[in-house]
Amino acid sequence: MKTAFTLFAVFSCVLSTSALADGWKTLAGFNDSVILKKGETAFIVSVSEEMVVQYDKDASWPPRPVQFRLGADRGHHGFGQGNTAFGKRAAVAPTARSPFPLSGPCKISVKTNGVVTMNVVSAGSGQ
């Protein structure tokens, strides 16, 4: 069911009006990455499962990568693991209606197994 939902989400994004954007990128597997140039923005629209995406901003010194947990929050919170500073934090679930944006210049890489689909738009595309 999870795979069918992911394929449906990707298919519906491709058929939407935003399909006229600069391009679609898919990251599949550990350490797969994409580099965004200045003025480009990646809108993550779907992830196959709960996973970690790392964002390395080129302009920061010293380099400090930021990691985001993306995917459906399935509510697997046991005792003491709520959404607190000491427990498991809720994952952000990107969709075509509510994408997760990351802007360049940067490197976006996957740090767990799974598939990430994103729409890359440049500032000059008019969107």
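Of the residues R74, R64, which single one is of a type outside the set (F, W, Y), farther than 14 Å from T117 by Cα, in a loop (DSSP other than H, G, I, E, B) and modelled with pLDDT of 65 or more?
Working: R74 fails: modelled with pLDDT of 65 or more.
After applying the criteria, what remains is R64.
A42: open to solvent by less than 90 Å² (accessible area, probe 1.4 Å) and either at pLDDT below 90 or in contact with a Pro (Cβ under 6 Å, 6 or more places away or on another chain) (or both), yes or no? Break it down into steps so the answer makes sense when it comes.
Values: open to solvent by less than 90 Å² (accessible area, probe 1.4 Å): yes; either at pLDDT below 90 or in contact with a Pro (Cβ under 6 Å, 6 or more places away or on another chain) (or both): no.
No.
Which pairs do you get when a residue that is on the phi < 0 side of the Ramachandran plot, found in region 99-120, comes within reach of a residue that is outside any strand (DSSP E or B) and among the hydroxyl-bearing types (S, T, Y), reach meaning Cβ atoms under 8 angstrom, with the pair 6+ apart or on two chains? From residues that are on the phi < 0 side of the Ramachandran plot, the pairs are V115/T6; V115/S48; V116/S48; N119/S18. Pairing each residue of region 51-63 that is without any contact (Cβ under 8 Å) to a residue 60 or more places away in the chain with any residue that is of a type in the set (S, T, N, Q) and open to solvent by 40 Å² or more (accessible area, probe 1.4 Å), provided the two are 6+ apart or on different chains, yields C-beta distances under 6 Å for Q54/Q67.
The values are calculated or read from the model by the stated rules, or taken from the named source; none is laboratory data. Computed from a predicted model, the values in this text were never measured in an experiment. Using ideal geometry, Cβ is built from the backbone for each residue, glycine included, and neighbour counts are taken over all protein chains shown. The accessibility values were calculated without ligands, DNA or RNA, using every heavy atom of the protein model including side chains. Shrake-Rupley method; radii C 1.70, N 1.55, O 1.52, S 1.80 Å.
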